[in-house]
1. Conditions first: (1) assigned by TED's automatic domain parsing to the domain that holds ILE157; (2) under 22 Å from LYS315 (Cα atoms). LEU37 passes all but one, so which condition is the exception?
2. Does region 217-226 contain at least one residue that is in a loop (DSSP other than H, G, I, E, B) and of a type in the set (D, E, K, R)?
3. Would you mind telling me which numbered condition in (1) touching a strand residue (DSSP E or B) at 6+ places or on another chain (Cβ under 8 Å); (2) at pLDDT below 95 ALA231 fails?
4. Is it the case that ALA205 is touching a helix residue (DSSP H, G or I) at 6+ places or on another chain (Cβ under 7 Å) and outside any loop (DSSP other than H, G, I, E, B)?
5. Tell me, which residue of region 228-250 that is of a type in the set (A, V, I, L, M, F, W, C) and not in a strand (DSSP E or B) is nearest to ASN36 (Cα to Cα)?
6. Within region 236-258, which residues are within 21 Å of GLY51 (Cα to Cα) and touching a Leu at 6+ places or on another chain (Cβ under 8 Å)?
7. Condition first: within 15 Å of the chain's Cα centre (by Cα), of a type in the set (S, T, N, Q) and surrounded by fewer than 18 Cβ atoms within 10 Å (Cβ to Cβ). Now tell me which residues in region 55-89 satisfy that.
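The values are calculated or read from the model by the stated rules, or taken from the named source; none is laboratory data. Values in this document were obtained by computation on a predicted structure and should not be read as measured data. Glycine gets a Cβ as well: all are built from the backbone with ideal geometry, and neighbour counts include every protein chain shown.
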Amino acid sequence: MSESPRTCIYCLEQKPAAQFDTEHVVGQAFARFQDNLVLDCVCRACNGLFGRELDEKLAVDSPEGLDRYRHGLKSTADYRSLGRRTTHQVRVTADGPLKGALARHVPNPGGGRQLALEVLPQIGFAPTPDGPFDWYPIAAIPKKSDLGYPKGSTFSIQIQGIEMGAAQAALAAAGYPTGPIEPVKPAETVQAQTTFVIDDVQYRAISKVAFNYLAFVAGAAIARMPQFNEARRYIRYASDPGRNIVRQVADSPVTVSDGPEGRDVPGHFITLRHEADIVAEVSLFSSLLYVVALSVGDFAIGRLPASAHFFDLEKRRVVALPLVVVRRPKPE
């Protein structure tokens, strides 16, 4: 006897049960857990779209994506980048002529939890031979007048990873006098800082985690209610909700300790509470805390009970917790 048709909580289409996959509240890229939170109310078409558009971004090109390597969930030897689709930037921070130069993460052949870095090909400009240098990719060389150096400055140019002829041709095309250019010798070890732009794709990915959790806690019938249509369409179709679904991002997330005076346990944390709206909090690796406003308008139902679950990365299990937590900044 075949199963009854189901209605997807995202596209709201009724389909045969065979067209529904298991959907994890938190994607398995962020670890596999005992007693995991899973759904059977997301259709295969929506699941596939999320994998291509949202899950890849969150797992590969986000602060939480890099945390997967730091926590040993993925080998640094297997690192890959989104290439031109990336929304993060890496710049050298160590003192020296390459300070401020652009770099990128690359696989670490030795594995471990630290990604390798590679300084990108670029051209550096400075008002004096000793720097500091301002570094630009060869395709984005500014005009000399746009550098803003003081009049009468001793003009200095260096190149990193660019063949001399190509550098001279690019400089000549931008109006610079040509001549010998000093190449920079890269240091054996490079220190760098990574800056992320948290874009709309990542907000949708986090909102999907929050909406999945709503469906797990309150049930698929509640998740399909029209009060969640703005959040649903934002996640599934990238439609403009006319409001901020993710209304707050903080770097002081919820932490969970193993006792009153204990240490913080690494893991993911999700909460749900019914205020004027129904609001979820999502924190992966206790890295950033996202506050997601899922609903708009009053409900013809009673208030949903508050709920919280912790995904323990040490014991690899999911536990329900009382919604009484201490928020404090992570130590430097």
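1. Failed condition: (1).
2. yes
3. For ALA231, the exception is condition (2).
4. Yes, satisfied.
5. Out of the qualifying residues, it is ILE235.
6. Within region 236-258, ARG236, ILE245 qualify.
7. The answer is SER81, THR86, THR87, GLN89.
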